[in-house]
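The values are calculated or read from the model by the stated rules, or taken from the named source; none is laboratory data. Please read all numbers here as calculations on a predicted model, not as lab measurements. Note that each Cβ is placed from the backbone with ideal geometry, even for glycine, and that neighbours are counted across all protein chains shown.
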Amino acid sequence: MPEPSPSVSPTMVRTTMRAARVAEPRRVEVVEVEIPEPAAGQVRLRLEGCGVCASNIPPFEGREWFSYPMEPGGLGHEGWGTVDAVGEGVTEFQVGDRVAALSQHAYAQYDVVDADSVVKLPESMAGKPFPGEPLGCAVNIFKRSGVKAGDTVAIVGIGFLGALLTQMAVEAGARVIAIARRPFALDVAREMGASETIVMDDHWRIIEDVKRLTDGRFCDVTIECVGKEWPLNLSAELTRERGRLIVAGYHQDGLRAVNMQLWNWRGLDVINAHEREHAIYIEGIREAVQRVSEGRLDPYPLFTHRYALDELGQALEDTIQRPDGFMKALLTLE
């Protein structure tokens, strides 16, 4: 290890780190690997933690198109921590800056990431977890939804994303009808400000309930957050003529059959709210930082389960099974 310089943390004396990887379907192992060095234009992070994303479920469960074992730290993309070293040409970050990052190997003690994928965290968030990617994703979905004051908004599926969207819609002055399967999730929706809650169990009863709550008009905006076919079709039924159907669920497990006749007849604006442009991802994280620092968005009650690095397998199992009280899992890496 070279002598410390201003671009490398003086406390950095280790040469290896612990990293988790999916060794085979439904089996995670922790391995010892070399600590990565930042290239030009990159920073290295000493990670404090990483959120566990539902998009990790397919590779954890196993699909024929995945190869095992996966890369150490791989799948982790919701990390936050402290800048530990900076590569050549990086001037906007310094060793010691606390940041959130959109990286790809954050199920580990260290990760390297391009500087344009890093967002500084203010002093007011010191010591608090901040999985930037899902928070930025929620902000971007909300912006794409076009929710405004006076709208009636149905949010179908109250997990971490649905709860955040409930908060933002209420803060914007909308009336929120929250629809979820779990009683715990409906309690959370009420805490986030939802005006009405409906158990997601019977397709036609839900439609009739929303019809009654909206005097037969249905909803200006419906945001589907589940990622399954039935909730997607239910969401279309709950959206008024010329309303907006927002697809926020993670639909990655096969084709969908939708009622195109209904979509066409009602003249729905159907918006896939998943962003793929890198700059917009990062702007969403920046706006999430601002909202949280200003007290306009409070994710902290939603971080319900914490796990050590060695417990990533259990964290993923719980993300699948969603035990009572579960909203969002975080790995703690310090």
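Quick grid of which residues meet (1) of a type in the set (A, V, I, L, M, F, W, C); (2) assigned to a loop (DSSP other than H, G, I, E, B):
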residue	(1), (2)
SER55	no, no
PHE66	yes, yes
PRO69	no, yes
HIS77	no, yes
TRP80	yes, no
GLN104	no, yes
PRO134	no, no
GLY150	no, yes
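For the stretch 255-283, how many residues are small (Gly, Ala, Ser), surrounded by fewer than 13 Cβ atoms within 10 Å (Cβ to Cβ) and within 30 Å of ALA101 (Cα to Cα)?
Residues flagged as small (Gly, Ala, Ser), surrounded by fewer than 13 Cβ atoms within 10 Å (Cβ to Cβ) and within 30 Å of ALA101 (Cα to Cα) within the stretch 255-283 amount to 1.
Can you say whether LEU165 is under 22 Å from TYR281 (Cα atoms), buried (at least 18 other Cβ atoms within 10 Å of the Cβ) and in contact (Cβ under 8 Å) with a residue 12 or more places away in the chain, as far as the supplied structure shows?
Spelling it out, LEU165 is indeed under 22 Å from TYR281 (Cα atoms), buried (at least 18 other Cβ atoms within 10 Å of the Cβ) and in contact (Cβ under 8 Å) with a residue 12 or more places away in the chain.
Do you know which residues across the stretch 37-84 are within 15 Å of LYS120 (Cα to Cα) and either out of contact with any strand residue (DSSP E or B) (no Cβ under 6 Å at 6 or more places or on another chain) or not acidic (Asp, Glu) (or both)?
Passing the criteria: GLN42, VAL43, ARG44, LEU45, ARG46, LEU47, GLY79, TRP80, GLY81, THR82, VAL83.
Checking the structure you have, find out if any residue of the stretch 231-248 is more than 25 Å from PHE60 (Cα to Cα), surrounded by fewer than 17 Cβ atoms within 10 Å (Cβ to Cβ) and among the hydrophobic types (A, V, I, L, M, F, W, C).
no
Could you identify the single residue in ALA172, ALA149, ALA115, ALA180 that is buried (at least 24 other Cβ atoms within 10 Å of the Cβ) and modelled with pLDDT of 95 or more?
The unique qualifying residue is ALA180.
Of the residues VAL95, VAL112, VAL139, which single one is under 26 Å from GLY159 (Cα atoms) and either touching a Pro at 6+ places or on another chain (Cβ under 8 Å) or outside the structural domain of LYS328 (by TED's automatic domain parsing) (or both)?
Of VAL95, VAL112, VAL139, the one residue that is under 26 Å from GLY159 (Cα atoms) and either touching a Pro at 6+ places or on another chain (Cβ under 8 Å) or outside the structural domain of LYS328 (by TED's automatic domain parsing) (or both) is VAL139.
Report those strands (runs of 3 or more DSSP E) wholly inside the stretch 191-267 carrying at least 1 residues which are touching a residue at least 40 places away in the same chain (Cβ under 8 Å) and among the charged types (D, E, K, R).
Answer list for the stretch 191-267: 219-224, 239-247.
For LEU165, work out the one condition from (1) outside the structural domain of GLU196 (by TED's automatic domain parsing); (2) in contact with a Phe, Trp or Tyr (Cβ under 8 Å, 6 or more places away or on another chain) it doesn't fulfil.
The single condition LEU165 does not satisfy is (1).
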